[in-house]
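One structure is given below, encoded as structure tokens.
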Ligand SMILES: [Zn+2]
């Protein structure tokens, strides 16, 4: 038989692959199990070149199979909650639409359809790469047995008092409409204006004058002799009828600005902690759509309902009218937190959220790593996770998106603090 002058892989590969499948070549045989869980690709698009890296898993699976192990390589697709909704919303935006035009159920069904249309090719593409995965056992992360396991785990955590619901300061992206975990926010350096605002006899430097309507105190360092006589007194919050106390707290950096800072517990992580220490009221002035929602004691009613940036300009304009702007530093370099998805500024705010208490969960993890029960390749990641364990706070598990597994709880949640529901 003459050899073909050109190798036509199309004619050969598909045929061989289907014979592998028909003969059950990817089924586990033998006694010693060897299992790899394929990191499931996001089910909102076809594969990208990076997924070709799974070839390493395939090599391992085939190597162990030849050594006589009962190999099971389990493939899957990830519903990728927020990620997928983000991709879907970008498509909606192209049509000039937004998620807010739909009710929860319709939006969910539309995204489910989008996922079906866009992820159908994934397993075919893996087959074309020759992957020896156990397709019969493929898992989609919204399959009933997965959802069931999530609910069982949640129930267990409730019973062990590992979860709680609390009004808590979260990193919120008004554009994406969800709170994000610490690892999901990016820190960037940027030049912004730093405003020096007079609160009666004291001057405060801030990049966020519009949040002043949520101030519940001014704070100075206890050792700062310049201000000792003011501690315990009250000042009038400009543009309002509210009087706020001057407190002393060692978190204040004497060298920043004038050494006097405003405390806005509802919209700043450090202030949130200071507010708890000094039992100050938490006054929310920005809603989940990034618009101002002002308390009644604010005298400039036009600011109500404005977007944050417009509100900032208007606030400064009004402050200038009453001579309360001492100066503006036009080029203040500082770190800001931005959304890892859309790149817009994060808005720290208090919203009701579910949390996992991590304190008791950390030490078994650290022990397992130190005793080498869990090993890292490459090894440098071992140090990284140990560092991470040290700084980790309680983990917010709620995401305000429709696409995903709902938190299985329907207890009365108390007053809603005037928040706008955006799912
Ligand atoms: Zn965002």
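Throughout, read-outs are computed from the coordinates displayed, never taken from laboratory work. Keep in mind that what you see is a predicted model, and the values were worked out from it rather than measured. In this analysis, Cβ positions are derived from the backbone assuming ideal geometry, glycine residues included, and neighbour counts consider all displayed protein chains.
Listing for the model above:
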read-out: Approximate shape of the stretch 183-339 as ellipsoid semi-axes (Cα gyration tensor, √5λ), whole Å, largest first; value: 22, 19, 17
read-out: Zone residues, the stretch 78-110, relative to residue 45, backbone N less than 13 Å from point 7 Å out along Cα-to-Cβ; value: 83-91
read-out: Protection-proxy order for peptides 368-375, 42-49, 286-293, each taking the mean of Cβ atoms within 10 Å per residue, highest first; value: 286-293, 42-49, 368-375
read-out: Relative contact order computed over the chain (Cα-Cα under 8 Å; 6+ residues apart), in percent; value: 18
read-out: Orientation-averaged projected area, Cα convex hull of the stretch 321-381 (nm²); value: 10.1
read-out: Highest to lowest packing among 176-183, 376-383, 100-107, 299-306, scored as the average C-beta count within 10 Å; value: 176-183, 299-306, 100-107, 376-383
read-out: Computed [θ] at 222 nm, deg cm²/dmol, the chain (DSSP H ≥ 4; -39,500 (n - 2.57); rounded to nearest 500); value: -9500 deg cm²/dmol
read-out: Using a Förster distance of 41 Å, the FRET efficiency for residue 382-residue 241 (Cβ separation, nearest 0.05); value: 0.15
read-out: Computed over the stretch 9-142: relative contact order in percent, which uses C-alpha pairs under 8 Å that are six or more apart; value: 37
read-out: Over the stretch 183-339, relative contact order from alpha-carbon pairs under 8 Å, at least 6 apart, %; value: 34
read-out: R0 of 56 Å, Cβ-Cβ distance residue 91-residue 231: FRET efficiency to nearest 0.05; value: 0.50
read-out: Mean Cβ count within 10 Å, highest first, over the residues of peptides 339-349, 186-196; value: 339-349, 186-196
read-out: Crossing angle, helix 81-94 versus the chain [Cα axis fit, 0-90 degrees, rounded to tens]; value: 80
read-out: Nearest-ten-degree value, helix 9-22 long axis tilted from longest Cα axis of the chain; value: 90
read-out: Rounded, prolate or oblate (a/c below 1.5 giving rounded, otherwise prolate when a/b exceeds b/c) for the chain by Cα gyration tensor; value: prolate
